[in-house]
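The values are calculated or read from the model by the stated rules, or taken from the named source; none is laboratory data. Only a predicted model underlies this, so the values are computations on that prediction, with no experimental measurement involved. In this analysis, Cβ positions are derived from the backbone assuming ideal geometry, glycine residues included, and neighbour counts consider all displayed protein chains. Just so you know, the surface numbers come from the protein's heavy atoms only, side chains and all, with ligands and any DNA or RNA stripped out. Shrake-Rupley method; radii C 1.70, N 1.55, O 1.52, S 1.80 Å.
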Amino acid sequence: MALELNDGNIKEIINGGKPVVIDFWAEWCGPCRMVSPVVEELAKEYDGKVVIGKMNVDENDVTPNEYGIRNIPTILFFKNGQLIDKQIGATQKSVLAAKVEALL
């Protein structure tokens, strides 16, 4: 299951040593609801290898502003604490899986 992230725990997770994938979403966002099951599937498939989490942009404003999140869903990909890739908008599982594989 994808980890629930917030402004308070995000830095610790990003700098925790494992690759990190963060899905920025909101309840009212239709495309976010389309991507959410894919993110959950990836979280199960990569459990123990990659930290996959979700951040609700309506409940957290510091982190989305820090990373310039203007459209949702936006998925950020981190390796060694550094942002290395992003996906804006809904996409297929194969596209996201390839980006996760690139982190390993």
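A few points about this structure:
- Set side by side, the residues 99, 93, 79 differ, and just one is touching a helix residue (DSSP H, G or I) at 6+ places or on another chain (Cβ under 6 Å) and closer than 23 Å to residue 30 by Cβ, which is 93.
- Residue, nearest to the chain's Cα centre (by Cα), within segment 1-37, restricted to residues that are β-branched (Val, Ile, Thr) and crowded, with 20+ Cβ neighbours inside 10 Å: 22
- Positions within segment 68-92 being touching a strand residue (DSSP E or B) at 6+ places or on another chain (Cβ under 7 Å) and without any contact (Cβ under 8 Å) to a residue 40 or more places away in the chain, in sequence order: 71, 83, 84, 85, 86, 87, 88
Residue-by-condition table, conditions (1) open to solvent by 50 Å² or more (accessible area, probe 1.4 Å); (2) among the polar types (S, T, N, Q); (3) touching an Asp or Glu at 6+ places or on another chain (Cβ under 9 Å):
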{"position": "49", "(1), (2), (3)": "yes, no, no"}
{"position": "52", "(1), (2), (3)": "no, no, yes"}
{"position": "55", "(1), (2), (3)": "no, no, yes"}
{"position": "58", "(1), (2), (3)": "yes, no, yes"}
{"position": "62", "(1), (2), (3)": "yes, no, yes"}
{"position": "71", "(1), (2), (3)": "yes, yes, no"}
{"position": "83", "(1), (2), (3)": "yes, no, no"}
{"position": "88", "(1), (2), (3)": "yes, no, no"}
